[in-house]
1. Quick one: Val88, Val263, fewest Cβ neighbours within 10 Å first, how do they rank?
2. What dipole magnitude, in Debye to the nearest 20, does the range 74-145 give about its Cα centre under +1 on Lys/Arg Cβ and -1 on Asp/Glu Cβ?
3. Rank the residues Arg323, Arg245 as a footprinting-exposure proxy: fewest other Cβ atoms within 10 Å of their Cβ go first.
4. How high is the relative contact order of the range 18-120, in percent, with contacts defined as C-alpha pairs under 8 Å that are six or more residues apart?
5. Does the range 22-113 come out rounded, prolate or oblate by the C-alpha gyration tensor, with a ≥ b ≥ c the root eigenvalues, rounded set by a/c under 1.5 and, if not, prolate when a/b is larger than b/c and oblate if not?
6. Kindly identify the range 184-352 as rounded, prolate or oblate by the Cα gyration tensor criterion: order the square roots of the eigenvalues as a ≥ b ≥ c, call it rounded if a/c is under 1.5, otherwise compare a/b with b/c, prolate if a/b is larger, else oblate.
7. When only Cα pairs under 8 Å and 6 or more residues apart are kept, what is the percent relative contact order across the chain?
8. If Rh is defined by the Kirkwood formula over all Cα pairs and Rg also comes from Cα, what ratio Rg/Rh do you get for the range 140-227?
Amino acid sequence: MRIGIVCYPTYGGSGVVATELGKSLAAKGHQIHFISYALPMRLDGFQGNVFFHEVEMTSYPLFEFPLYTPALASKIVEVARFEKLDLVHAHYAIPHAISAYLAREILKKELKIITTLHGTDITLVGLEPSFLPAMKFSIEQSDGVTAVSRFLREKTTTNYGIDKEIMVIPNFVETGKYRRIPCDEVRERFAPKQEKILIHVSNFRIVKRVPDVIRIFHEVQKRIPSRLLLVGDGPDRSNCEILARELGLQDHVRFLGKQIELVPLLSASDLMLMPSQSESFGLSALEAMACEVPVISSSVGGLPELQVHGETGYIAEIGDIDRMARYAIELLTNDVKHALFRKACRKRAVDNFDEQRIVNQYEAYYVQCLEAAS
Ligand code: GMT
């Protein structure tokens with residue numbers, strides 16, 4: 001198939017899923033055309049069957065705001081015509097599904113649209129009155145719609161009154177690459193006295209509740225010699241740096257900023273903290289699990305579909321810092337239990353969320369949508 005993939009190029013789960021999906025489909029022989037305003041973060045190195053098309057933005061004094069939606073629609077039209085695309089797969093509905101709809105109208109419907117809903121496009125941003133009608137319309141007009149968890153499908157149906165069939169296709173991980181590797185050097189660097197290592201990976205948006213991560217670690221650190229690695233960057237980072245200092249944790253917390261190579265860091269870690277306010281799936285938690293890192297998370301969104309409480313980690317109410325800290329201490333002080341959890345994490349990632357398994361589901365869904373349309 002000739003597939004256009006529209007996504008955000010930035011450090012975030014929807015862009016990662018879109019890019020890894022495209023690379024994997026390309027390896028299976030499909031021709032993949034990524035369309036975005038910059039090269040997607042994980043689209044590194046040359047790969048056959050993979051092409052990138054940049055959306056050029058023009059400015060004009062009359063335009064107070066950049067006009068990305070029509071520019072993207074025009075680029076989709078151009079790529080679809082010249083590359084004879086069978087379908088375009090829009091990752092994150094705003095504005096990608098809207099641009100794709102516009103492109104399909106221009107092409108007189110000779111292009112199929114699959115939209116994948118990822119998270120805040122449905123739970124947060126799309127609910128804004130200034131976006132809602134256009135969002136709802138573009139989802140309803142897509143030829144196929146997928147959501148990354150049952151939770152997100154349910155939210156889409158109830159919050160937007162959409163009765164279109166939505167296929168749940170979860171996030172995935174390349175378990176051949178994401179696996180625990182020898183990590184003595186990394187451990188030595190961050191925890192020279194064999195302290196335990198806790199890790200958090202996110203885009204430091206408010207919904208991630210990174211200050212909770214620091215407060216949980218504060219409690220853990222009182223009982224267990226430990227270090228906290230914070231990976232990623234975003235609007236809440238400065239607040240978190242201030243909080244870490246206020247709590248006297250500056251020598252125990254390392255802010256590593258954005259990192260491309262996560263496997264060595266995850267392999268050196270004993271526990272991941274993900275206390276999010278909202279999380280439609282939790283891709284970072286899955287990547288940690290594949291590297292045998294148990295997860296302490298909140299009970300929101302799709303996290304209970306990923307995690308098995310008491311087997312791969314523990315789940316607690318949003319904001320219940322004390323409970324999350326207790327769970328962390330329990331696991332980090334019980335080597336036998338920790339080893340069992342580590343094994344269960346890897347098994348769950350491999351058995352349920354391995355890349356090949358999920359990419360096959362997307363591929364089959366494309367075929368189904370194309371056949372239904374013909
Ligand atoms: O919603 C976001 O914060 C951004 C979004 C993204 O584009 O990175 O993340 C969402 O999509 C990921 C991939 O499907 C999911 O694993 C994340 O759980 C989801 N984030 C939220 O729901 C907060």
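Only the coordinates and a few stated rules stand behind these numbers; no lab work does. Not measured: the values here are computed from a predicted model. Reconstructed Cβ throughout: ideal geometry from the backbone, glycine too, with neighbour counts over all protein chains shown.
1. Working: Val88 28, Val263 16.
Listing Val88, Val263 from fewest to most nearby Cβ atoms yields Val263, Val88.
2. 180 debye
3. Result, fewest neighbours first: Arg245, Arg323.
4. Once divided by the residue count of the range 18-120, the mean separation gives 20 percent.
5. oblate
6. rounded
7. Values: 710 pairs, mean separation 51.1, N = 374.
Computed value for the chain: 14 percent relative contact order.
8. Across the range 140-227, the Cα-based Rg/Rh ratio is 1.17.
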